[in-house]
Amino acid sequence: MLLGCAHARLATQQRAISDTDLFAFRWVAGPQISPDGKQVAYVLVTVNAKHDGYETSIWSVATDGASPPRRLTAGPHDGAPRWSPDSRTLALLRPVGDDGAQLFLLPMAGGEAVQLSDIAKGASPAVWSPDGKTIAFVNSATPEEIAQKEKGGAAPKPQDVRIVTRAVFRGDDEGYYDPAEHAHIRTVPAGVGDKPQAAHQVTSGAFDEETPVWSSDGARIYFTSNRVAEPYYYAPDANVYAVPAAGGSLDTIVDIDGPVFGASHGPAGAVAFRGWVNPPAARSYNQQDLFVWRGRQAKNLSADYDFDVGGAVLGDQAPPRGGEGSSPIVWAPDGKSVIVATTEHGRSNLVRFDVASGARQPLTTGDHAVLAYSATPDARTLALTIGDPTHLPDVYALDAQTRRLTQLTHVNDSLFSKLQLVTPEDFWYTSFDGTKVETWILKPPGFTAGKKYPLILNIHGGPHTAYGYIFFHEMQWMAAKGYVVVYPNPRGSTTYGQAFGNVIQYKYPGDDYKDLMVAVDSVLARGYVDRARLGVTGGSGGGLLTDWAVSRTHRFAAAVSQRDVADWLGFWYTADFALFRPTWFRSTPFHDPQEFLDRSPVRYVDSVTTPMMFILGEEDYRAPPSQGGEAMFRALKYLHKTAVMVRFAGESHELSRSGKPVHRVERLRHILNWFDKYLQGKPITLYEAP
């Protein structure tokens, strides 16, 4: 494993991991390599002193690994560093008042960051023009908000009465949408002056523009957009367009019957992108492929590669508030190959694809996850973040010719050197119908052969996502508390091919539940688990499967269902995204409610005997509590069965990943309290009714 040697000195471990270690975690995000290849700028995320939020600052480190990182900004909320073409200046985002994050320029020769933009609703990360004289960004302010800002007045207060005309009118972790707002491209001169520069609007209209990219001569700006007013009625679709840098009419550059993601512009007008061509019948899961557009035709470079191009591995330690970073498609200067991340069986790595033949060459290998990366213009050197099951991600430099990796940061070494972390065992088993399924098993530190341990089955959500080789604090702490933790990728999971991911369409939950039960049986057969002390938990789709499991079997002595789906009819009517196309269900609740009822765990609550805890976010719009844990709780209480709700004020569906640190730790404690009470017999009275 690539990280093994780099972290060999961490072998001297002293104690098991704790829940509150989260407060000391440090996350790296968005590695940006300078065009000259000498430096990497990145965002460092830490927990604030009150443990109720996160702070971000920008750091840099030399790619030769010869010197330690240095802090460039004090924060507390700086992010999205982007290098100028001459590597002399960093553009970054910093919050200013109530107007959101504004662009600042930081000269690398020394001095403080200078504010560049001053626009209502703030700016997106900077996109430098090839000559370094102009920066493009995206902004969603309405003309009225722009005018109000220019007059020097305060931004209008949000109204408490909303007129809703769109089916998708709010988003989890985002709040309510303003239908008058559209994300448009603007430009601003990149010179450092005494005051912010006025921004020029390049695009306009009733649609949103995303991911602006300059043409090589700086004359045009490319962007991706779905030019459909209410896209949820139609199959996914987005094209690449071009607009003159000064504004004007649009030209269509890439047009396929399907969505385009991460478009990257190469030599001679070629465009590489991720996406798919819509199938004749809608699918629940569409695996992304790698395409090159040339001569007004799309060529699929990964047609014979049945794994995810791009993709991700699910963990609970993505950098909170650190931004998503960048995972671009990187062109070789001669246009003969491209580099992109792919994900196979829970492992993410960089792969070079030959444009002519689609032939693949791995640039990184190993049991880990490449999370974000950037490259120099000559594609020779890349900066990337890599993590694995026993290490939070760090920044690395990759020589694309020799494939040599150099670790540049060690942000958690001082903490992790004190921890006794467990390396998961990768285990494939044969499910009920002969399907091969992958799972991971974490054993408690100091595992003793011949001893019987309690077990926790931990089910991922999605359902179209995947566990894999990434650090998972929740799993490590469960193991540290004396549990064998089993976390499978049942059918429906990504990173195992299109058919494996889509096989659960119209039957979720169903055979995936059977996969999970065979996983438990396979571990029981090893002899070190006490079959009388089995627990089950999961979040989102994993919460749904937790509810489903305890309504189908009495084998579990305790269950913790998190931000779950329990009533599919209620979910269809209340979730933040529309289900207007037949991807999960063939019909609608008002045309054919039976299909929704048959797959709703709350319908089978009579058969539940397992003590259940429900963990919910009060502001969860993705899986609203009323249709999930709250519905299950009320039904169980009506039946005088053992149930408790733990509700977190102000938290969204992202509670476990980017909620308040103090809430994330509190959540872990409640989960383990419940299992300790019912699987280990500990005298915990917190959940007894007064």
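Filter the stretch 106-119 down to residues that are closer than 18 Å to GLY132 by Cα and assigned to a loop (DSSP other than H, G, I, E, B) and give me whichever is modelled with the lowest pLDDT. So that I can check it myself, show each step before the final result.
First pass over the stretch 106-119, keeping only residues closer than 18 Å to GLY132 by Cα: 106-109, 113-117.
From the residues that got through so far, the ones that are assigned to a loop (DSSP other than H, G, I, E, B) too are 108-109, 113, 116-117.
Numbers: MET108: 95, ALA109: 92, ALA113: 95, LEU116: 96, SER117: 95.
For the stretch 106-119, the residue satisfying everything is ALA109.
Given (1) hydroxyl-bearing (Ser, Thr, Tyr); (2) assigned to a strand (DSSP E or B); (3) over 20 Å from GLN39 (Cβ atoms), where does THR364 come up short, assuming only one miss?
Only one criterion is unmet by THR364, namely (2).
How about the stretch 571-583: which of its residues are without any contact (Cβ under 8 Å) to a residue 60 or more places away in the chain and either surrounded by fewer than 19 Cβ atoms within 10 Å (Cβ to Cβ) or of a type in the set (Ser, Thr, Tyr) (or both)?
Residues satisfying the conditions are TYR573, THR574, LEU579.
Please name all residue pairs, on different chains or six or more residues apart, with Cβ atoms under 9 Å, provided the first residue is in the stretch 367-395 and is part of a loop (DSSP other than H, G, I, E, B) and the second residue is basic (Lys, Arg).
Sorted first by the residue in the stretch 367-395, then by its partner, the pairs are ASP367/ARG347; HIS368/ARG347.
Restricting attention to the stretch 78-95, which residues are among the acidic types (Asp, Glu) and under 17 Å from PRO319 (Cα atoms)? So that I can check it myself, show each step before the final result.
If we filter the stretch 78-95 for residues that are among the acidic types (Asp, Glu), which is where we start, we get 78, 86.
The answer is ASP78, and nothing else.
Of the residues TYR487, TYR483, TYR467, TYR508, only one is over 30 Å from ARG15 (Cβ atoms), buried (at least 23 other Cβ atoms within 10 Å of the Cβ), in the same structural domain as PHE585 (by TED's automatic domain parsing) and in contact with a Leu (Cβ under 9 Å, 6 or more places away or on another chain); which?
Details: TYR487 fails: over 30 Å from ARG15 (Cβ atoms); TYR483 fails: over 30 Å from ARG15 (Cβ atoms); TYR467 fails: over 30 Å from ARG15 (Cβ atoms).
After ruling out the rest, the residue left standing is TYR508.
Could you pull out the residue among GLY497, GLY501 that is under 22 Å from the mean Cα position of the chain (by Cα), surrounded by fewer than 19 Cβ atoms within 10 Å (Cβ to Cβ) and not hydroxyl-bearing (Ser, Thr, Tyr)? Let's see the steps before the verdict.
Working: GLY501 fails: surrounded by fewer than 19 Cβ atoms within 10 Å (Cβ to Cβ).
Answer to the selection: GLY497.
Any residue at all in the stretch 260-271 that's surrounded by fewer than 16 Cβ atoms within 10 Å (Cβ to Cβ) and of a type in the set (A, V, I, L, M, F, W, C)? Talk me through it step by step, then tell me what you get.
Narrowing the stretch 260-271 to residues surrounded by fewer than 16 Cβ atoms within 10 Å (Cβ to Cβ): 267-269.
Narrowing further to those that are of a type in the set (A, V, I, L, M, F, W, C): 268.
Yes: one or more hits.
If I filter the stretch 460-471 for residues that are more than 20 Å from ASN286 (Cβ to Cβ) and touching a helix residue (DSSP H, G or I) at 6+ places or on another chain (Cβ under 8 Å), do I get at least one hit?
No, the conditions are met nowhere in the stretch 460-471.
Residue by residue through the stretch 646-669, note down the ones that are buried (at least 19 other Cβ atoms within 10 Å of the Cβ) and more than 22 Å from ALA318 (Cα to Cα).
Answer for the stretch 646-669, where residues must be buried (at least 19 other Cβ atoms within 10 Å of the Cβ) and more than 22 Å from ALA318 (Cα to Cα): just VAL646.
Pairs, please: C-beta under 7 Å, at least 6 apart or cross-chain, first residue closer than 14 Å to PHE633 by Cα and in the stretch 549-570, second charged (D, E, K, R)?
SER561/ASP547; ARG563/ASP620; ASP564/ASP547; ALA566/ASP547
Tell me, which strands (runs of 3 or more DSSP E) lie completely within the stretch 257-306 with 2 or more residues that are more than 25 Å from the chain's Cα centre (by Cα)? Write out each step before concluding.
Working: elements: 260-265, 271-275, 289-294, 297-300.
So the answer is 289-294, 297-300.
On the given criteria, is TYR508 in a loop (DSSP other than H, G, I, E, B) and among the hydroxyl-bearing types (Ser, Thr, Tyr)?
Values: in a loop (DSSP other than H, G, I, E, B): yes; among the hydroxyl-bearing types (Ser, Thr, Tyr): yes.
In short, yes.
Given the criterion part of a loop (DSSP other than H, G, I, E, B), in the same structural domain as SER327 (by TED's automatic domain parsing) and closer than 17 Å to TRP128 by Cα, identify the matching residue among SER249, SER216.
Values: SER249 fails: closer than 17 Å to TRP128 by Cα.
On inspection, the qualifying residue turns out to be SER216.
With respect to ARG586, determine if the residue is touching a residue at least 24 places away in the same chain (Cβ under 8 Å), surrounded by fewer than 20 Cβ atoms within 10 Å (Cβ to Cβ) and over 15 Å from ASP567 (Cβ atoms).
yes
If you check LEU392, LEU371, LEU384, LEU419, which single one turns out to be at pLDDT 95 or above, buried (at least 21 other Cβ atoms within 10 Å of the Cβ) and within 21 Å of HIS473 (Cβ to Cβ)?
On the way: LEU371 fails: at pLDDT 95 or above; LEU384 fails: within 21 Å of HIS473 (Cβ to Cβ); LEU419 fails: buried (at least 21 other Cβ atoms within 10 Å of the Cβ).
Only one candidate qualifies: LEU392.
Of these, PHE614, PHE585, which one is in contact with a strand residue (DSSP E or B) (Cβ under 7 Å, 6 or more places away or on another chain), in the same structural domain as ASP511 (by TED's automatic domain parsing) and not β-branched (Val, Ile, Thr)?
Working: PHE585 fails: in contact with a strand residue (DSSP E or B) (Cβ under 7 Å, 6 or more places away or on another chain).
It is PHE614.
Within the stretch 397-451, restricting attention to residues that are part of a loop (DSSP other than H, G, I, E, B) and of a type in the set (Lys, Arg), which residue is farthest from PRO69 (Cα to Cα)?
Going residue by residue through the stretch 397-451, those that are part of a loop (DSSP other than H, G, I, E, B) are 400-403, 408-412, 417-418, 420-424, 431-435, 443-451.
Then keep just the ones that are of a type in the set (Lys, Arg); that gives 403, 418, 443, 451.
On the way: ARG403: 23, LYS418: 22, LYS443: 35, LYS451: 46 Å.
Here the residue is LYS451.
Considering the stretch 490-505 alone, what residues qualify as being assigned to a loop (DSSP other than H, G, I, E, B) and either farther than 15 Å from GLY346 by Cα or not assigned by TED's automatic domain parsing to the domain that holds GLY542 (or both)?
VAL503, ILE504, GLN505
When you scan the stretch 413-423, how many residues do you find that are touching a residue at least 60 places away in the same chain (Cβ under 8 Å) and in contact with a Pro (Cβ under 9 Å, 6 or more places away or on another chain)? Steps first, answer last, please.
From the stretch 413-423, those touching a residue at least 60 places away in the same chain (Cβ under 8 Å) are 413, 415-421; that's our starting set.
Now narrow it down to the ones that are in contact with a Pro (Cβ under 9 Å, 6 or more places away or on another chain): 420-421.
The total comes to 2.
Can you tell me which of (1) farther than 19 Å from HIS200 by Cβ; (2) of a type in the set (A, V, I, L, M); (3) assigned to a strand (DSSP E or B) is the one LEU103 doesn't meet?
(1)
Given (1) in contact with a helix residue (DSSP H, G or I) (Cβ under 8 Å, 6 or more places away or on another chain); (2) of a type in the set (Gly, Ala, Ser); (3) buried (at least 17 other Cβ atoms within 10 Å of the Cβ), where does ALA190 come up short, assuming only one miss?
Of everything listed in (1) in contact with a helix residue (DSSP H, G or I) (Cβ under 8 Å, 6 or more places away or on another chain); (2) of a type in the set (Gly, Ala, Ser); (3) buried (at least 17 other Cβ atoms within 10 Å of the Cβ), ALA190 misses just condition (1).
Looking only at the stretch 1-25, which residues are at pLDDT 50 or above, crowded, with 18+ Cβ neighbours inside 10 Å and outside any helix (DSSP H, G or I)?
Hits for the stretch 1-25 are ALA16, ILE17, PHE25.
Between VAL608, VAL523, which is touching a residue at least 40 places away in the same chain (Cβ under 8 Å) and either of a type in the set (Ser, Thr, Tyr) or touching an Asp or Glu at 6+ places or on another chain (Cβ under 9 Å) (or both)? Explain how you work it out, then say what you get.
On the way: VAL523 fails: either of a type in the set (Ser, Thr, Tyr) or touching an Asp or Glu at 6+ places or on another chain (Cβ under 9 Å) (or both).
Result: VAL608 is the single residue among VAL608, VAL523 that is touching a residue at least 40 places away in the same chain (Cβ under 8 Å) and either of a type in the set (Ser, Thr, Tyr) or touching an Asp or Glu at 6+ places or on another chain (Cβ under 9 Å) (or both).
From ALA282, ALA312, grab the single residue that is closer than 24 Å to GLU344 by Cβ, touching a residue at least 24 places away in the same chain (Cβ under 8 Å) and not assigned by TED's automatic domain parsing to the domain that holds TYR508.
After applying the criteria, what remains is ALA312.
Any chance you could count how many residues in the stretch 530-550 are outside any strand (DSSP E or B) and under 17 Å from VAL518 (Cα atoms)? Quick ask: steps written out before the conclusion?
Taking the stretch 530-550 and keeping what is outside any strand (DSSP E or B), we get 540-550.
In the following step, the residues that additionally are under 17 Å from VAL518 (Cα atoms) were identified as 542, 545-546, 548-550.
Result for the stretch 530-550: 6.
The values are calculated or read from the model by the stated rules, or taken from the named source; none is laboratory data. Only a predicted model underlies this, so the values are computations on that prediction, with no experimental measurement involved. We place every Cβ from the backbone using ideal geometry, glycine too, and count neighbours over all the protein chains shown.
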